[in-house]
There are 2 protein chains.
Amino acid sequence: MRTAPDVQPSANGAPRPDAEDALTALVGLVQEDLDACNRLIIARMQSPVQLIPQLAAHLIAAGGKRLRPLLTLAAARLCGYRGERHVGLAACVEFIHTATLLHDDVVDESDLRRGQASANAIFGNKASVLVGDFLFARAFQLMVADGSLEVLDILCSASATIAEGEVLQLVIQNDTASTEAQYLEVIEGKTAALFAAATRVGAVVAERPRSEAEALESYGRNLGIAFQLVDDALDYSAEQERLGKTVGDDFREGKITLPVILAFARGDEAERAFWRRVLEEKRQEEADLAHALSLMHRHNTITDTIDRARHYGDLALAGLAPFAECPEKKALAGIVEFCVARAR
Amino acid sequence: MRTAPDVQPSANGAPRPDAEDALTALVGLVQEDLDACNRLIIARMQSPVQLIPQLAAHLIAAGGKRLRPLLTLAAARLCGYRGERHVGLAACVEFIHTATLLHDDVVDESDLRRGQASANAIFGNKASVLVGDFLFARAFQLMVADGSLEVLDILCSASATIAEGEVLQLVIQNDTASTEAQYLEVIEGKTAALFAAATRVGAVVAERPRSEAEALESYGRNLGIAFQLVDDALDYSAEQERLGKTVGDDFREGKITLPVILAFARGDEAERAFWRRVLEEKRQEEADLAHALSLMHRHNTITDTIDRARHYGDLALAGLAPFAECPEKKALAGIVEFCVARAR
């Protein structure tokens, strides 16, 4: 249950054609803005201290489809914005995301990220923490340059909420008695808060009425929840291997995600003893992952997790309702399908 | 050469009476503001996620003399400010400082901080990184509430510079060929940048002319450099034990501080081979610290480090020159002596 990684490049696997099409359509709509955003990202991650751009490039330049900045760019265009401020704010969003990934890799002791060795495995935990701090500060500098206290408020609050979600995840880690409500609180913080802020600032730069900003925020928040639910389901799915990742990473780390919470809640006493042994006591044997998967299938917890993702995806789509039909609206709706369809 | 810790509570040792008096005088001048700042700090470190205030309290509530926020409070009063904004900004400064300490303890694998077990030793690296992120975000939220883009700019830039200084420290760590210039760049970033920002914002809230803001910034920057120089000298001084800390922590971590840089530069080939073995190759034996101390004494590198601190202390005092004599000016001048006198 790490912070939602960015979507995989298709080279690493073969996302469903229709899902991939949705992302391509969105990129196509804002291609110039995205190029400008990428140039800004490269320019603003520079520092006389060479290790900073080296390490940042490992995450920022390589891989990743820029899903969150794409949301900012498309939301601004959906709101009829014709200026350039959304480019800088999209870069902010990506910097915040990258900083949380760097810190998340440290805290998770992960050794893989986007199918490559994680930054902390190559550069060490020390460098990952400090370069993450640098990117956070850079994000805030970009916001200050933008000059809107409203935007600063949205993204600062999101940053605090992300940290709260990550700490809560740590608190309930290895606790099989965690509830679905606690799990939702975690993913609303660590993942959905930045999606929500990313889309809301699109409406804010366009100076749209509060109701539209709130609708776009709701789109982003529910999309983020759906995205993380699918991510946590994928960790136990054969799909994961097609995407170039390993099945069961969360299991081995003792992470309590929804597929586990539901299996624990629906299991008998023997099953609960199993979950406690492997996730609380972290005493895992070779056959345990296969047994865990069989329990999840018996109780339909992976499909139920994906069903919940679809529910939040529907709520995300409802957030687009106030907006007139246009290519941006269609593309943002497509992204919901893109996120949910990864799990099929 | 960790980020400058806050000054020791006198209970842990016995700072020189005259030095301690300077701090007492400063606190006495801004006691009401400091109390308000402390209340705000406690209020704003709360979160529904209980681990956050628990961990933050470990650093914030316990120990520490609030040197940096005191500088903000006194600088604002020196500039004739009569409002309340400096209280919130002083709290920001302390939050940023605490966040960097939390991240610094992680990266240093330190197990002691202010004579107590460090937060990461008790709560784990994961929690320290994430609560540090939360406190950074809280600091920026407090600045947004203050509403001054100029203040935001000063403190965001300082945060980026701190991270750059910390990364540079990492890069030159264990490299005995590091230069004094590189060392100065490190401490200007990791320590002096926040001192400089803390004092500058005092002038900014008082809406004083740029020249006064720059003078106070120069006071803070040079005070910060002096403070860190003394800190790095103290690590090799018997004074350190009186302050309740261990002699040679930096040595054992292979940190390259000025007393070492000067000893390496002034040593013969046999001495350089010694420094390379113990600091680059990290092969240390029991008698090595004593030998290192004897080499430093032979080449006067500890006293020379303190002499340099005194030089920067004089530059700090020069930053106070534009201001008319008043109790605040006297107290801020006393703080320079307080910082330098720790090393006697």
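The values are calculated or read from the model by the stated rules, or taken from the named source; none is laboratory data. In this text, all values refer to a predicted model and were calculated from it rather than measured experimentally. So basically every Cβ, Gly included, is an ideal-geometry build from the backbone, and we count neighbours across all protein chains shown. Ligands, DNA and RNA are stripped out before the accessible areas are found, and what is left, the full protein with its side chains, is counted by its heavy atoms. Shrake-Rupley method; radii C 1.70, N 1.55, O 1.52, S 1.80 Å.
Laid out as a table, the results:
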read-out: Residues (among the charged types (D, E, K, R), more than 19 Å from A:Glu217 (Cβ to Cβ) and either open to solvent by less than 40 Å² (accessible area, probe 1.4 Å) or under 20 Å from the mean Cα position of the chain (by Cα) (or both)) located in segment A:306-325; value: A:Asp307, A:Arg308, A:Arg310
read-out: Odd one out for A:Lys245 among (1) closer than 16 Å to A:Leu320 by Cα; (2) touching a residue at least 40 places away in the same chain (Cβ under 8 Å); value: (1)
read-out: Failed condition for A:Gln50, given (1) buried (at least 24 other Cβ atoms within 10 Å of the Cβ); (2) among the polar types (S, T, N, Q); (3) without any contact (Cβ under 8 Å) to a residue 40 or more places away in the chain; value: (1)
read-out: Total residues in segment B:122-181, condition more than 7 Å from chain A (Cβ to nearest Cβ), more than 17 Å from the chain's Cα centre (by Cα) and of a type in the set (Val, Ile, Thr); value: 6
read-out: Only one of A:Val340, A:Val278 that is among the β-branched types (Val, Ile, Thr), assigned to a helix (DSSP H, G or I) and within 18 Å of the chain's Cα centre (by Cα); value: A:Val340
read-out: Residue in segment B:210-221 that is surrounded by fewer than 24 Cβ atoms within 10 Å (Cβ to Cβ), modelled with pLDDT of 95 or more, touching a Cys at 6+ places or on another chain (Cβ under 9 Å) and farther than 23 Å from B:Arg342 by Cβ present; value: yes
read-out: Segment A:288-337, residues that are acidic (Asp, Glu) and either touching a strand residue (DSSP E or B) at 6+ places or on another chain (Cβ under 6 Å) or in a loop (DSSP other than H, G, I, E, B) (or both); value: A:Glu325
read-out: Counted residues, segment A:167-206 - those being in a loop (DSSP other than H, G, I, E, B) and open to solvent by 10 Å² or more (accessible area, probe 1.4 Å); value: 6
read-out: Among (1) out of contact with any Gly (no Cβ under 7 Å at 6 or more places or on another chain); (2) modelled with pLDDT under 95 - the single one A:Arg242 does not satisfy; value: (1)
